[in-house]
Amino acid sequence: MVDSHAWQVRQYPDPHVTEDCFELIPVALPDPGPGQVLVRNTWTSVDPGLRLRLRPDAPSGYFAAFPLGRPMDGIFTVGEIEHSDDPDFGVGTTVWHSQGWRTHSVVDVAEEAMNGVARLRALDVSAMTPQSYLGPLGAMGLTAYAGLHVVDGLSGGETIWVSAAAGAVGSLVCQVAKLLGHRVVASAGTDDKVRWLLDDLGVDAAFSWRDGPVVESLRRAAPDGIDLYFDGVGGDHLEAALEVANPFARIALCGAISDYEREPTGPRNLFLATSKNLTLRGFRGSAHVSLLDEMQTRLGAWLADGSLQSREAVFDGLASAPTALADMLAGRTVGKTIVRL
Ligand SMILES: NC(=O)c1ccc[n+]([C@@H]2O[C@H](COP(=O)([O-])OP(=O)(O)OC[C@H]3O[C@@H](n4cnc5c(N)ncnc54)[C@H](OP(=O)(O)O)[C@@H]3O)[C@@H](O)[C@H]2O)c1
């Protein structure tokens, strides 16, 4: 038996995530059986998608809701193998898997976790940090890359607007889009984030969505319209994109975080998709595991030569995970939000 700790849900947020929604409990883990490994987790992920599962029913088709009173399952995490009989996963190997928000996990080697994207995987940490596999070399990089792929945005040479641009996915989309030769317009929620996007990530224009109606800020930042929109926000942001979109523009519907803690609001101008011949394409990174190797090769090379930055908002200790989630949802973090265990 291994003494471990795990977070479980005590009550669902109403509407905002607070620490008392969760409970940190001791768990006596059984020794791993055949086809299983024991992992000591070192980094765990904090994602907006967790908020979609902190309710009695998750959105149809999405990862399942977290049941009350049971350790939370289906959260990206990285760790080191402490016990294994599997020759492909020796003791000491750094891996990712799906049993985050806990100190230790017994993982089934063959489990197709989280649509297959979080299946136990050995990670090459000779040149990259373990936690980069929770960011640019993991699900965040895959989401950024797949989103550009599904709207035919990997060729470059167009104008793209990226919302939630200073966050985990958005900051990667901005940089990859610049490297591909797009003109990049970015939006975020504070002046400091806007400065970072302009000065450090080198986007062409940026604005704070809190400075006035989004559609007006977007028109000023993209006077010739937008050809692509990478949407992490939904609501008024998606409405603005429909207004400012050029004919035949394409929109990657990645997320709608403005609706995660309230009744969804729209868009109210969807007919513009018809009148302008737009494409709105919903997608999930986990549906594009086939792009993982290609993404890791390209983003890994850009990370290695310094042309891609990976910023992290690090919280220390498993106990900080609920605070990290609340801070990230409220816009108080920059880059990829992670917990060091
Ligand atoms: N489709 C997929 O497979 C997939 C995978 C991962 C993530 N996602 C989605 O992608 C989006 C970004 O995720 P992430 O992991 O990169 O998170 P993130 O951007 O690191 O953090 C979320 C950010 O959203 C912004 N935000 C919160 N409320 C907002 C509001 N009302 N209006 C505008 N912005 C708001 C905040 O930044 P500001 O300070 O800038 O407001 C916050 O920092 C989310 O919608 C998420 O659900 C989708």
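The values are calculated or read from the model by the stated rules, or taken from the named source; none is laboratory data. Only a predicted model underlies this, so the values are computations on that prediction, with no experimental measurement involved. When we count neighbours, we look across all protein chains shown, and the Cβ atoms used for this are built from the backbone with ideal geometry, even at glycine. Accessible surface areas use protein heavy atoms only, side chains included; no ligands, DNA or RNA. Shrake-Rupley method; radii C 1.70, N 1.55, O 1.52, S 1.80 Å.
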When region 319-341 is examined, which residues are found to be touching a Lys or Arg at 6+ places or on another chain (Cβ under 7 Å) and more than 20 Å from Met128 (Cα to Cα)? Leu329, Val334
Which count do you get for residues in region 45-62 that are out of contact with any Leu (no Cβ under 8 Å at 6 or more places or on another chain) and part of a loop (DSSP other than H, G, I, E, B)? 7
Starting from residues that are assigned to a strand (DSSP E or B) and more than 12 Å from the ligand (Cβ to nearest atom), keep the ones in region 129-163 and report whichever is farthest from Ser310 (Cα to Cα). Thr159
Output for region 15-71, where each listed residue is among the aliphatic types (A, V, I, L, M), away from the ligand (no atom under 16 Å from the Cβ) and in contact with a Lys or Arg (Cβ under 8 Å, 6 or more places away or on another chain): Val27, Leu68
Would you point out which residue out of Ala110, Ala122, Ala127, Ala139 is small (Gly, Ala, Ser) and in contact with a strand residue (DSSP E or B) (Cβ under 7 Å, 6 or more places away or on another chain)? Ala122
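Looking only at region 109-128, filter to residues that are assigned to a loop (DSSP other than H, G, I, E, B) and of a type in the set (D, E, K, R); which one of those is nearest to Thr143 (Cα to Cα)?
Arg119
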So Pro87 ticks every box in (1) more than 16 Å from the ligand (Cβ to nearest atom); (2) free of Cβ contacts under 8 Å to residues at least 24 places away in the same chain; (3) within 20 Å of Ala168 (Cα to Cα) but one. Which box is left unticked? (3)
Specify which of the listed residues (Val27, Val107) is out of contact with any helix residue (DSSP H, G or I) (no Cβ under 9 Å at 6 or more places or on another chain), among the β-branched types (Val, Ile, Thr) and surrounded by fewer than 20 Cβ atoms within 10 Å (Cβ to Cβ). Val27
Hey, Leu134 more than 13 Å from Ser45 (Cβ to Cβ) and open to solvent by less than 60 Å² (accessible area, probe 1.4 Å) or not: no
Whether any residue in region 329-336 is outside the structural domain of Arg40 (by TED's automatic domain parsing) and not hydrophobic (A, V, I, L, M, F, W, C) is what I want to check. no
Report, by residue number, each residue of region 50-68 that is in contact with a strand residue (DSSP E or B) (Cβ under 6 Å, 6 or more places away or on another chain) and surrounded by fewer than 16 Cβ atoms within 10 Å (Cβ to Cβ). Leu68
Subset tally (residues that are under 15 Å from the mean Cα position of the chain (by Cα) and in a loop (DSSP other than H, G, I, E, B)) for region 63-99: 4
